[in-house]
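This report concerns only the one structure given below.
What follows draws every value from the coordinates through simple rules; no lab data is involved. All figures in this text were calculated on a predicted structure; none of them were measured in a lab. Glycine also receives a Cβ, built like all others from the backbone with ideal geometry; neighbour counts cover every protein chain displayed.
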Amino acid sequence: MTMNDGKGPRDARWYLSLMSPNTKGPQFAWLDPTSIYINAAAFSDLLDDLCAELDAAEIDVVAGLDAMGFVLAAALGARLGRGVLPIRKAGKLCVDTDRVSFTNYSGRTQDMEMRQPAFAPGTRVLLADQWVETGGTMEGAIRLVERQGGKVAGMVAIAMEENPATDAYRAAYPVVTAVQQGTPWQAECNAQGLSSFATYDPGRTFPTAGRSPG
């Protein structure tokens, strides 16, 4: 596999094969994309692909959804030259907040909060989350942004599974994902089982001093 080590072209979206399968049971998400982040080459290529489809001129701030959306939001904000707003699980912020309830991917009802005030009315907010499965968390974030007069400028994630709720998001907002619609990766995400799991090797992600990781 050719990676982005600065010496030549890379395989498109190669970093998706670094994602880890769930090893702890159905109470957890079915996969873990965070192994992309530990590998500098993988994380850089992920951000390159996402930023190639984002227009900083259409975005005022990047909002990261608790918790792993913070990673993408911070990195994208730095790349795009925009600030970062955390949207947190309830009870974490020590300032005045607005709160909403939502149903997460596991069917549990949770609360999330955003600082109040977070921005001026009319602010264009890009929502960032690691993975969008049922869309419940994203729906809560939309409500929080719009309550303060913000405008959802779009959504960004490593992957957004296809279902009626997420189809509605794609119809209503600009959506940028590393897993592209119409690809085998998207079909496998919808089925919640990646073929790369069969050969998953955590050692591929390990950073190594003195050379490009991978």
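Take the Cα pairs of region 54-156, get the Kirkwood Rh, then feed it into Stokes-Einstein at 4 °C and 1.567 mPa s and tell me D in µm²/s.
Working: Rh = 13.4 Å.
Stokes-Einstein gives a translational diffusion coefficient of 97 µm²/s.
Each label point is 7 Å from the Cα along the Cα-to-Cβ direction; what then is the distance between the points at residue 106 and residue 22, in nm?
About 0.9 nm, to one decimal.
Given the chain, what count of lysine pairs have C-alpha atoms under 29 Å apart, with each pair 8 or more places apart or on different chains? Working shown, then result.
Values: 24/89; 24/92; 89/151; 92/151.
Going through the chain pair by pair, I get 4.
In terms of the ratio Rg/(2.2 N^0.38 Å) built on C-alpha atoms, what value belongs to region 96-184? Write down the numbers at each step before the final one.
Numbers: Rg = 13.3 Å, N = 89, 2.2 N^0.38 = 12.1 Å.
After normalising by residue count via 2.2 N^0.38 Å, the value is 1.10.
Pop a pseudo-label 7 angstrom from the Cα along the beta-carbon direction at both residue 187 and residue 99 and give the gap in nm to one decimal.
4.5
Can you pull the three principal axis extents for the Cα set of the chain, in Å, largest first?
Principal extents (Cα only, largest first): 47, 37, 34 Å.
Given the Cα-Cα distance of residue 51 and residue 139 and 0.36 nm per residue of separation, how much length would full extension add, in nm? Could you put the intermediate results ahead of the total?
Details: separation 88, 0.36 × 88 = 31.68 nm, distance 2.30 nm.
Here the answer is 29.4 nm.
Taking Cα pairs under 8 Å and at least six residues apart, what relative contact order does region 53-115 come out at, in percent?
Working: 93 pairs, mean separation 17.3, N = 63.
Relative contact order here is 28 percent.
If packing is taken as the mean number of other Cβ atoms within 10 Å per residue, what is the order of 26-34, 10-18, 59-67, highest first?
Details: 26-34: 15.1, 10-18: 17.9, 59-67: 22.1.
The most tightly packed comes first, giving 59-67, 10-18, 26-34.
Once the Cβ-Cβ distance between residue 199 and residue 78 is put in as r, and R0 is 35 Å, what FRET efficiency do you end up with, to the nearest 0.05? Working shown, then result.
On the way: r = 33 Å, r/R0 = 0.93.
The pair residue 199/residue 78 has a calculated efficiency of 0.60.
List the extent of the Cα atoms of region 89-147 along each of their three principal axes, largest first, rounded to whole Å.
Rounded to whole Å, the extents work out to 33, 24, 18 Å.
Based on the Cβ-Cβ distance from residue 40 to residue 89, what FRET efficiency comes out when R0 is 22 Å, to the nearest 0.05? Before the final figure, lay out each step's value.
Values: r = 29 Å, r/R0 = 1.30.
The computed FRET efficiency comes out at 0.15.
Of the chain, which part is the longest with no GluC sites (Glu not before Pro) in a loop (DSSP not H, G, I, E, B) and with at most 16 other C-beta atoms within 10 angstrom?
Values: sites that count: 53, 162.
With GluC sites (Glu not before Pro) excluded where exposed in loops, the chain gives 54-161 as its longest stretch.
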